[in-house]
Amino acid sequence: MTIDEYNKTVDLYSDRVYRFVLKNIKDQHKAEDIVQDSYERLWKNYESVNFLKARQYLFSTAYHTLIDRIRKEKRISSTEDILIKESGQNEQYSGLKEILDEAVDKLPEAQKMALLLRDYEGYSYKEIANLASLSESQVKVYIYRARIFLKDYIRKIDVLV
């Protein structure tokens, strides 16, 4: 990859990588850091990365960096955070999008990543398998299980009321 191709990669893919990371991590600053780290790794390896594979390289790098950060934060927060719901607070229906976002957040990380890449970013099963270092059939299973979970979650009457 040439320097001009690297710059073109920034123009073509930075928004999509950012949206993917932000959808998973829900923190604008952390998402920006992960995207920046991904482009930094691409810059360090730009001579060995083919321009045609740059998108896959970026999403794969962003995904692995995201997983590393989530695991690190879970280790730190597992000893510090205990969420206590206020008993007097009545949760109201806040719209299907909010409920769906809440349900997506409850998915296991592998299912969440596969679902978001497939349904939000439009990647094929094969591309997702390459990005996540999984088999194509495993990606299909993750997406299927995620969709079943989302359907069941939305159908619950207590979630909507």
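The values are calculated or read from the model by the stated rules, or taken from the named source; none is laboratory data. Quick caveat: nothing in here was measured; it's all calculated off a predicted structure. We place every Cβ from the backbone using ideal geometry, glycine too, and count neighbours over all the protein chains shown.
For segment 35-52, how many residues meet the condition of being within 20 Å of E109 (Cβ to Cβ) and either surrounded by fewer than 16 Cβ atoms within 10 Å (Cβ to Cβ) or among the hydroxyl-bearing types (S, T, Y) (or both)?
As a first pass, look at segment 35-52 and keep what is within 20 Å of E109 (Cβ to Cβ): 35, 37-38.
Narrowing the set further to residues that are either surrounded by fewer than 16 Cβ atoms within 10 Å (Cβ to Cβ) or among the hydroxyl-bearing types (S, T, Y) (or both) leaves 38.
Residues in segment 35-52 being within 20 Å of E109 (Cβ to Cβ) and either surrounded by fewer than 16 Cβ atoms within 10 Å (Cβ to Cβ) or among the hydroxyl-bearing types (S, T, Y) (or both): 1 in total.
The set of residues in segment 110-128 being surrounded by 15 or more Cβ atoms within 10 Å (Cβ to Cβ) and within 14 Å of the chain's Cα centre (by Cα) consists of A110, Q111, K112, M113, A114, L115, L116, L117, R118, E121, Y123, I128. Scanning segment 1-23 for residues that are in contact with a helix residue (DSSP H, G or I) (Cβ under 6 Å, 6 or more places away or on another chain) and polar (S, T, N, Q) yields a single hit, T9.
If you go through segment 129-157 and keep only what is under 12 Å from L100 (Cβ atoms) and of a type in the set (A, V, I, L, M, F, W, C), you end up with A146, F149, L150, I154.
For (1) part of a helix (DSSP H, G or I); (2) modelled with pLDDT of 85 or more; (3) surrounded by fewer than 16 Cβ atoms within 10 Å (Cβ to Cβ), each residue gets a yes or a no:
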{"residue": "V21", "(1), (2), (3)": "yes, yes, no"}
{"residue": "D33", "(1), (2), (3)": "yes, yes, yes"}
{"residue": "A54", "(1), (2), (3)": "yes, yes, no"}
{"residue": "T61", "(1), (2), (3)": "yes, yes, no"}
{"residue": "T79", "(1), (2), (3)": "yes, no, yes"}
